[in-house]
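Read the structure below first, then the notes.
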2 protein chains.
Amino acid sequence: MSQFKYELIKEDKYTHARLGRICTPHGIIETPIFMPVGTQATVKAMTPEELKEIGAQIILSNTYHLYLRPGHNLVKKAGGLHSFMHWDRPILTDSGGFQVFSQANLREISEDGVYFKSYLDGSRHFIGPEKAMEIENALGADIIMCFDECTPYPAEKEYVRKSSDMTINWAKRCKSSNQRPDDQALFGILQGGLYKDIRIENAKRMVDLDFPGYSIGGLSVGEPKDIMLDTLANVEEYIPKNKPRYLMGVGSPDLLIEGAIRGVDMFDCVLPTRIARNGSVFTSHGKLVVRNAKYAQDFSPLDSECDCYVCRNYTRAYIRHLFNAGEILAARLASYHNLYFLIKLMSRMREAIKTDSLLDFRKEFFAKYGYQL
Amino acid sequence: MSQFKYELIKEDKYTHARLGRICTPHGIIETPIFMPVGTQATVKAMTPEELKEIGAQIILSNTYHLYLRPGHNLVKKAGGLHSFMHWDRPILTDSGGFQVFSQANLREISEDGVYFKSYLDGSRHFIGPEKAMEIENALGADIIMCFDECTPYPAEKEYVRKSSDMTINWAKRCKSSNQRPDDQALFGILQGGLYKDIRIENAKRMVDLDFPGYSIGGLSVGEPKDIMLDTLANVEEYIPKNKPRYLMGVGSPDLLIEGAIRGVDMFDCVLPTRIARNGSVFTSHGKLVVRNAKYAQDFSPLDSECDCYVCRNYTRAYIRHLFNAGEILAARLASYHNLYFLIKLMSRMREAIKTDSLLDFRKEFFAKYGYQL
């Protein structure tokens, strides 16, 4: 029997936001939640202990990258991904589909799957639904994804229709080839581009396949924000309330709030760690480029309202110096702070849902952060 | 009155090794000790908390680098180096002399000091004894160094004689221009190349100037190991027993042991963190290049006899993967382990001195490590 369970604790009175709890073989996840991304079996610049310190409940890792390096069989031999990377809390793996398709020049697609060339050495590889399951089963994450085509933006309607049909067929094949349904919960991925009718038909058919959770794919791929949020809202009502919903690739503070308001339970994105390594950090008053010369003599913390390890102990002047000097500690401190900021944001949102005050929370957060509602 | 105090606790029965204790404004240092190097106000890839976790009692930082970037006045404004970098234990700064002189093509030397060009932007700068003291006083380390010329290897006898005379004159000027003798203990640096007579004369004259401690400079600059150790032994007997001795730039396990046996109390070197970033680690059985393909499926720790955080939680296979994938965590884990290895080595040496068993310790360590005695 499946060790995976989603429990809907409470719905917000004024929005579609939900307070929930996901049980997995490696522990419980309070939702809505942001998942830090550990592409190559490490959340860049962070240790697992630091991730726990900032309250990370689950991390995401990438099937495509781990398949190519170090190889899923090596990870399996190490006792699975948890053991390999020394992380004993839940892990989610994607299916590799997104990466395989986003390397547009290197692939051949058929109903079987996708042939592609390795970005590491040019060698030829194939991943289809069955292979994706073989890899994900070897990695052993608590939550795994069906192999899908993430339709690009923009795309012709006819292309999107065919592509989302293929994603449905692949989802069926993934479901029947998942060898570890008891300890690896397989999510279906909703596609359909930005065409409302295709999205709805696709969602209905995917829900008919009865997965333990649903991912919303094909968004956050370059489309305008309002279209993205409309599409999300259209799809959301077709997902059963007793199943968790995961909006893939979203991680900016505004979209985490807007997504939760539209019923999303799980988010992931490389954004916080990627911008951190470039010297940008989130603050209560908006994004700040700490490498800028104007912070050279600024002895205040990155965010004076933040209580994280970095903000308690380091100044903007020092962190700017570290970036200027090319020091590893710069990336460490900025990554730590950015992840803490998003994880704390989600925890504040969960509190707000408890008291039906999420809309007030959004208003206050946006006013301070500098967003327009 | 000076807050600096050295206490000789015990001398080894069979060697010149000494057990001691140094009191500074930022705490006590048990000697012999290895000091991790934090060139640019950070020990590369490490946080101060991690340095404490591995037992680092004091770190070294570089005057030359901090003068050029971010500038000593900025550090002073931040409340000094301890506050700037969030490290509340003792710090030692060098004088900048070593770096100024090792950039041979960019300098003009006179009795006043040295004109040189910044490696960052080519701008022209001057450091002499008084300027070095101004910078070191602004940084505010607990132990500071006189401005000296580190004579290169090889060097003509006449050059070395003149250079070590100049270093003596500079030491006098440093002593009289140190504005913070109470909370910044100024060490004299012994020079004299590899010429025994110059070394001895230089040591006598430097000791006559009565510094609270003495550094042994001009060694570990490319000369054969036996010549270095002989020179060290020749000089050591001229340093009063009630003063600490610091052998500059030495940090390989064999030389830490040989140095302590010859009466050295303090060591520093970038070696452990530098080789770590290149994928090399110390182990009880010798150095190991963990990036090598032969460790791809090696699920044992870096050093099975080590009890550090890294060895308790990660495998060679995982760390090799991190290096292959260019992940920051690779440098973090290898640096952590290498520093722990040397700091633990010093602590074991202190234990051995207590029981007069340092020679036995050396024999056992070398046999396992693969050194020839």
Name the residue that is farthest from A:Glu53 (Cα to Cα), counting only residues in the range A:297-309 that are hydrophobic (A, V, I, L, M, F, W, C) and open to solvent by 10 Å² or more (accessible area, probe 1.4 Å). A:Phe299
Output the residue which, of all residues in the range B:340-373 that are assigned to a loop (DSSP other than H, G, I, E, B) and not hydroxyl-bearing (Ser, Thr, Tyr), is farthest from A:Arg332 (Cα to Cα). B:Asp356
Is it the case that the range A:61-78 has a residue that's more than 10 Å from chain B (Cβ to nearest Cβ) and of a type in the set (Lys, Arg)? yes
Flag if B:Ile91 is farther than 28 Å from B:Ala17 by Cβ and in contact (Cβ under 8 Å) with a residue 60 or more places away in the chain: no
So is B:Ala78 open to solvent by less than 60 Å² (accessible area, probe 1.4 Å) and modelled with pLDDT under 95 or not? no
Just to be sure I understand the filter: pairs with C-beta atoms under 6 Å, separated by 6 or more residues or on different chains, first member in the range A:11-40 and closer than 22 Å to A:Pro212 by Cβ and within 14 Å of chain B (Cβ to nearest Cβ), second member at pLDDT 95 or above and open to solvent by 10 Å² or more (accessible area, probe 1.4 Å). Which pairs pass? A:Val37/A:Asp268; A:Val37/A:Val270
Exactly one of (1) touching a strand residue (DSSP E or B) at 6+ places or on another chain (Cβ under 8 Å); (2) modelled with pLDDT under 95; (3) open to solvent by less than 70 Å² (accessible area, probe 1.4 Å) is unmet by A:Gln99. Its number? (1)
For the range A:84-102, what are the residues that are more than 9 Å from chain B (Cβ to nearest Cβ) and not in a loop (DSSP other than H, G, I, E, B)? A:Ile91, A:Leu92, A:Thr93, A:Gly97, A:Phe98, A:Gln99, A:Val100, A:Phe101, A:Ser102
Positions within the range B:316-352 being crowded, with 24+ Cβ neighbours inside 10 Å and among the polar types (S, T, N, Q), in sequence order: B:Ser335, B:Asn338
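Do we have A:Gly188 as more than 29 Å from A:Asp360 (Cβ to Cβ) and crowded, with 20+ Cβ neighbours inside 10 Å here?
yes
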Name the residue that is surrounded by the fewest Cβ atoms within 10 Å (Cβ to Cβ), counting only residues in the range A:106-140 that are charged (D, E, K, R) and free of Cβ contacts under 8 Å to residues at least 40 places away in the same chain. A:Asp121
Starting from residues that are part of a loop (DSSP other than H, G, I, E, B) and of a type outside the set (Ser, Thr, Tyr), keep the ones in the range A:284-296 and report whichever is farthest from the other protein chains (Cβ to nearest Cβ). A:Gly286
Conditions (1) touching a residue at least 40 places away in the same chain (Cβ under 8 Å); (2) part of a helix (DSSP H, G or I); (3) away from every other protein chain (no Cβ under 13 Å): number failed by A:Ala330: (3)
Would the range B:353-360 turn up any residue that is more than 25 Å from A:Met46 (Cβ to Cβ), away from chain A (no Cβ under 11 Å), of a type outside the set (Ser, Thr, Tyr) and open to solvent by less than 10 Å² (accessible area, probe 1.4 Å)? yes
Is there a residue being within 14 Å of chain B (Cβ to nearest Cβ), out of contact with any Pro (no Cβ under 7 Å at 6 or more places or on another chain) and modelled with pLDDT of 95 or more anywhere in the range A:248-270? yes
Residues of the range A:44-60 being crowded, with 20+ Cβ neighbours inside 10 Å and within 10 Å of another protein chain (Cβ to nearest Cβ), which ones? A:Lys44, A:Ala45, A:Met46, A:Thr47, A:Pro48
Applying the selection to the range A:58-83, what residues are assigned to a helix (DSSP H, G or I) and in contact (Cβ under 8 Å) with a residue 60 or more places away in the chain? A:Thr63, A:Tyr64, A:Leu66, A:Tyr67, A:His72, A:Asn73, A:Val75, A:Lys76, A:Leu81
Verdict on B:Ser220 being within 30 Å of B:Ala45 (Cα to Cα), at pLDDT 95 or above, of a type in the set (Ser, Thr, Tyr) and in contact with a Cys (Cβ under 9 Å, 6 or more places away or on another chain): no
Answer with yes or no whether A:Arg312 is within 14 Å of chain B (Cβ to nearest Cβ), in a helix (DSSP H, G or I) and surrounded by fewer than 23 Cβ atoms within 10 Å (Cβ to Cβ). yes
Being out of contact with any strand residue (DSSP E or B) (no Cβ under 8 Å at 6 or more places or on another chain), closer than 17 Å to A:Ile54 by Cα and touching a residue at least 24 places away in the same chain (Cβ under 8 Å) narrows it down to one of A:Tyr314, A:Tyr340, so name that one. A:Tyr340
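Only one residue in A:His321, A:His337 is under 18 Å from A:Thr273 (Cα atoms) and either assigned to a helix (DSSP H, G or I) or away from chain B (no Cβ under 11 Å) (or both). Which one?
Sole residue among the options that is under 18 Å from A:Thr273 (Cα atoms) and either assigned to a helix (DSSP H, G or I) or away from chain B (no Cβ under 11 Å) (or both): A:His337.
Can you confirm whether B:Phe299 is more than 14 Å from chain A (Cβ to nearest Cβ) and among the aromatic types (Phe, Trp, Tyr)?
no
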Residue match in the range A:161-174 (condition: out of contact with any Gly (no Cβ under 9 Å at 6 or more places or on another chain), within 14 Å of chain B (Cβ to nearest Cβ) and either part of a strand (DSSP E or B) or free of Cβ contacts under 8 Å to residues at least 24 places away in the same chain (or both)): no
What is the one condition in (1) within 24 Å of the chain's Cα centre (by Cα); (2) surrounded by 22 or more Cβ atoms within 10 Å (Cβ to Cβ) that A:Gly286 does not satisfy? (2)
Pairs please, first residue from the range B:283-308 and closer than 24 Å to B:Arg348 by Cβ, second anywhere and exposed (fewer than 14 other Cβ atoms within 10 Å of the Cβ) and among the acidic types (Asp, Glu), Cβ atoms under 6 Å, 6+ apart in sequence or on different chains. B:Ser284/B:Glu305
Within the range A:271-282, residues within 14 Å of chain B (Cβ to nearest Cβ) and either without any contact (Cβ under 8 Å) to a residue 24 or more places away in the chain or not small (Gly, Ala, Ser) (or both) come out as A:Thr273, A:Arg274, A:Arg277, A:Asn278
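The values are calculated or read from the model by the stated rules, or taken from the named source; none is laboratory data. Since the structure is predicted, the reported quantities are computational estimates derived from the model, not experimental observations. Virtual Cβ from ideal backbone geometry, glycine too; neighbours counted across all protein chains shown. Protein only, heavy atoms only, side chains kept; ligands, DNA and RNA dropped before computing areas. Shrake-Rupley method; radii C 1.70, N 1.55, O 1.52, S 1.80 Å.
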